[in-house]
Every structure is written in structure tokens, then in C-alpha cells.
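Remarks on the structure that follows.
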Amino acid sequence: VLTHGFVVDGTGRKMSKSDGNVVAPEKVMKTYGADILRLWVVSADYSEDLRISDEILRYQADSYRRLRNTLRFLLGNLEGFDASERVAPTEMPELERWVLHRLWQLDRDIRTWSDDFEFHAIFTALHNFCAVELSAFYFDIRKDSLYCDQPDSPTRRAARTVLDRLFDCLTAWLAPILCFTAEEAWLIRNPGDDESVHFRDFPSVP
């Protein structure tokens, strides 16, 4: 049994119709979508009172866009990727091997946090990984190679191998949180596949 604090407004006051500070889940879903509401739930530290307001939801919508844009980047740059293109980690540049190592660290931590019901830690780690380590660092460095190098370039092949691994892990890790977004991304990458992303286990990360 998991218990949580009261859901209160953005200033910490109890919600009341007479005060006009009630945030209805149905209205949130109509405005932002169900995934944004789920993102707010998973990002909150449930050991304390849970604050919700339009401003907080707008912040969650911004966080969501960063996660969605990461998946969009992966999908765009994995177009036409084939298993024959894969490169072994021992043949990869150091930057790619660093990303694979970060995946191993995240896999270890996410499994621990899941077992301990520390859902907000999962959200924080995944958001920071996507927004900072991937978008602002790794993708920014490798986009020139991805966009401009020859298809058989060793650096481009290594980068696409890592992007394939990133997609595999991120869609599985995000599926319990962003149900619809993860499913949409998975089906775009696997057209005609009847298996939902929600039937997958977390991938094994060496």
C-alpha cells in the first residue's frame, strides 16, 4: 500500500470550489492530454503534499516537450537503420561508449527506484538525461556527423547504433509514465508490429 499527501493548489492551500482553486483532472486532460497529468503525478514527491496549478502544469508540459523532442530526434535519425549497420562497442569512439555507460547506470538506478517506489527520482533522472546529456551535449556534437557524413562513415554508424539502443531503452523506461507517447513512438519505429510497447520488459543493459 502506497500513501501520499493531500493534493493542494500551487500555494499549498486546500482545494475548495468556493475558493475557485480546484484543478479537475478532466480539464487537465482536455487541455494538456493524459500524459501531462501522468507526468505531474510521477514528478511529485508523494511523501509530501502534492501541489498542482496551471503554472505547474505548464512547467510539466515543457518537460514533456523535451522528452518528446528526444524521441523525435531519435526517430528522425534512425530512418532506414538496419542491423547490418551496427558497430561493436569496442570499435566505437569514446563519446559513444560514454553514452552506453550512462545507459547502464540509468538502468541500474531505474530498476532500484522502481522497486523502492521512488517514481519522482526516475522522472528527474530521465528528464535530465534527455534534456542535458543527450539534447544539449551528445546530439549537439553528433548531429553534424548524422546529417553530413557518408552512410558508411564509422562515426555515423557508431552514433546510429547508439541511437538505436537509446530508443530501445527510453521507450521502455517511459512507457509506464508516458503511456500514449511511448506507444506512438514505438509503433512509428515498428509499423505493422502488433506488439504494444506495454508488453515489453525493461531491456537488459550490459
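So here's what we get for this one:
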| item | result |
| --- | --- |
| Set of lysines near LYS17 by C-alpha distance (under 16 Å), chain-local residues within fewer than 8 positions excluded | LYS27 |
| C-alpha long axis of helix 154-174 to longest principal axis of the chain, angle in ° | 30 |
| For the stretch 31-148, projected area of the alpha-carbon convex hull averaged over all directions, nm² | 9.4 |
| Size descriptor, Kirkwood hydrodynamic radius, that averages inverse alpha-carbon separations across the stretch 50-101, Å | 14.2 |
| Efficiency of FRET between HIS4 and SER84 - r from beta-carbon atoms, R0 41 angstrom, step 0.05 | 0.25 |
| Helix 179-189 axis, angle to the chain major axis (alpha carbon atoms, nearest 10°) | 20 |
| Along principal axes, Cα extents of the chain, largest first, whole Å | 66, 34, 31 |
| Cα→Cβ-extended label distance, 7 Å offset, between TRP98 and PHE117, nm | 3.8 |
| Carbon plus sulfur fraction of accessible area for the stretch 49-109, probe 1.4 Å, in percent | 44 |
| The stretch 1-131 - accessible surface per residue (Å², probe 1.4 Å) | 60 |
| Karplus-derived HN-Hα couplings along the stretch 37-52 (A = 6.51, B = -1.76, C = 1.60, θ = phi - 60°), whole Hz, x at Gly and Pro | 4, 5, 5, 4, 4, 6, 7, 7, 7, 6, 6, 10, 5, 9, 8, 9 |
| Total formal charge among the other residues, if their Cβ is under 15 angstrom from that of VAL7, Lys/Arg +1 and Asp/Glu -1 | -1 |
| The stretch 30-72: trypsin sites (Lys or Arg not before Pro) falling in loop per DSSP and having at most 12 other Cβ within 10 Å | none |
| 5 angstrom amide H check on VAL7, placed H, neighbours 5+ away | LEU50 |
| Neighbourhood charge, 11 Å Cβ-Cβ cut-off, centred on LEU187 and excluding it, Lys, Arg +1 and Asp, Glu -1 | -4 |
| Degrees separating the helix 94-115 axis from the principal Cα axis of the chain, which is the longest one | 30 |
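The values are calculated or read from the model by the stated rules, or taken from the named source; none is laboratory data. The structure displayed is predicted, hence computed values, not measured ones. A quick note on method: Cβ atoms are made from the backbone with ideal geometry, for glycine too, and the neighbour counts reach across all protein chains shown. Ligands, DNA and RNA are excluded from the accessible area calculation, which covers all protein heavy atoms including side chains. Shrake-Rupley method; radii C 1.70, N 1.55, O 1.52, S 1.80 Å.
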